[in-house]
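Inspection log for the structure reproduced underneath, given as structure tokens.
The values are calculated or read from the model by the stated rules, or taken from the named source; none is laboratory data. Owing to the predicted nature of the structure, the values given are computational and were not obtained by experimental measurement. FYI the Cβ positions are ideal-geometry reconstructions off the backbone, even for glycines, and counts take in every protein chain you see.
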Amino acid sequence: MLSGLALLLLVCLHMRVQGKPRSQDLGCDEYLGSGKAMDKCGVCGGDNTTCRLVSGVFKHSLTKIGYHKIVEIPEGATKINVTEMVKSRNYLALRSRSGRSIINGNWAIDRPGKYEGGGTMFTYRRPNEIRSTAGESFLAEGPTNEILDVYMIFQQPNPGVHYEYLLPSEKPVVPQQPN
């Protein structure tokens with residue numbers, strides 16, 4: 001009778017003699033060597049067809065200082081990315097449809113960090129290096145459990161704000177921008 005360790009060594013030696021790799025990756029299905037990976041929609045072994053990418057750039061010229069709605073993020077959105085295209089003195093803000101401020105609400109500017117809202121965790125980034133041209137952003141894995149509204153706190157010409165998120169295919173894919 002072989003001990004567990006001796007048996008393991010024999011199996012490893014056999015695999016090496018057979019020319020097979022000594023170790024195999026664990027697939028997203030938790031089977032060794034299955035080769036299955038998560039697709040962009042979060043489906044194990046999927047083919048990226050169960051979701052759609054919604055993206056756009058908010059480039060409106062604004063004149064009035066204050067909060068201006070950029071886009072709404074629907075319930076069920078995942079892989080959310082809202083990024084100012086170039087650093088400016090403007091700020092991004094996020095609010096729930098019920099009016100609860102999540103990031104940069106009520107004229108208070110939040111520190112970069114993690115903020116919970118809409119059923120997910122947002123990471124708010126605001127590069128502060130003087131030489132950096134990167135704009136601020138917030139990212140979340142999702143899914144959201146309610147509609148969220150994205151705003152710009154306008155103070156200087158809008159450099160453009162890129163937004164994108166994934167939605168399940170059965171959801172309508174019409175980004176709601178203000179007129």
Legend entry - For Cys51: the one exception among (1) in contact (Cβ under 8 Å) with a residue 60 or more places away in the chain; (2) touching a Lys or Arg at 6+ places or on another chain (Cβ under 8 Å); (3) over 27 Å from Gly160 (Cβ atoms): (3)
Inset, instruction - Among the residues of region 73-83, write down those that are within 11 Å of Phe138 (Cα to Cα) and buried (at least 21 other Cβ atoms within 10 Å of the Cβ). - result: Ile80, Val82
Inset, instruction - Look through region 104-142, keep the residues that are part of a loop (DSSP other than H, G, I, E, B) and polar (S, T, N, Q), and return whichever of them is surrounded by the most Cβ atoms within 10 Å (Cβ to Cβ). - result: Asn104
Inset, instruction - Could you grab me the full set of residues in region 84-103 that are surrounded by fewer than 16 Cβ atoms within 10 Å (Cβ to Cβ) and over 15 Å from Phe154 (Cβ atoms)? - result: Arg97, Ser98, Gly99, Arg100
Inset, instruction - Confirm whether Ile80 is over 21 Å from Gln156 (Cβ atoms) and either assigned to a strand (DSSP E or B) or at pLDDT 95 or above (or both). - result: yes
Inset, instruction - Take region 29-72 and flag every residue that is farther than 19 Å from Phe138 by Cβ and of a type in the set (Ser, Thr, Tyr). - result: Tyr31, Ser34, Thr49, Thr50, Ser61, Thr63
Legend entry - Candidate set from region 117-148 (those that are farther than 17 Å from Met85 by Cβ and among the aliphatic types (A, V, I, L, M)); member that is nearest to the chain's Cα centre (by Cα): Ala140
Inset, instruction - Look through region 143-155, keep the residues that are more than 15 Å from Tyr67 (Cβ to Cβ) and among the polar types (S, T, N, Q), and return whichever of them is surrounded by the fewest Cβ atoms within 10 Å (Cβ to Cβ). - result: Asn145
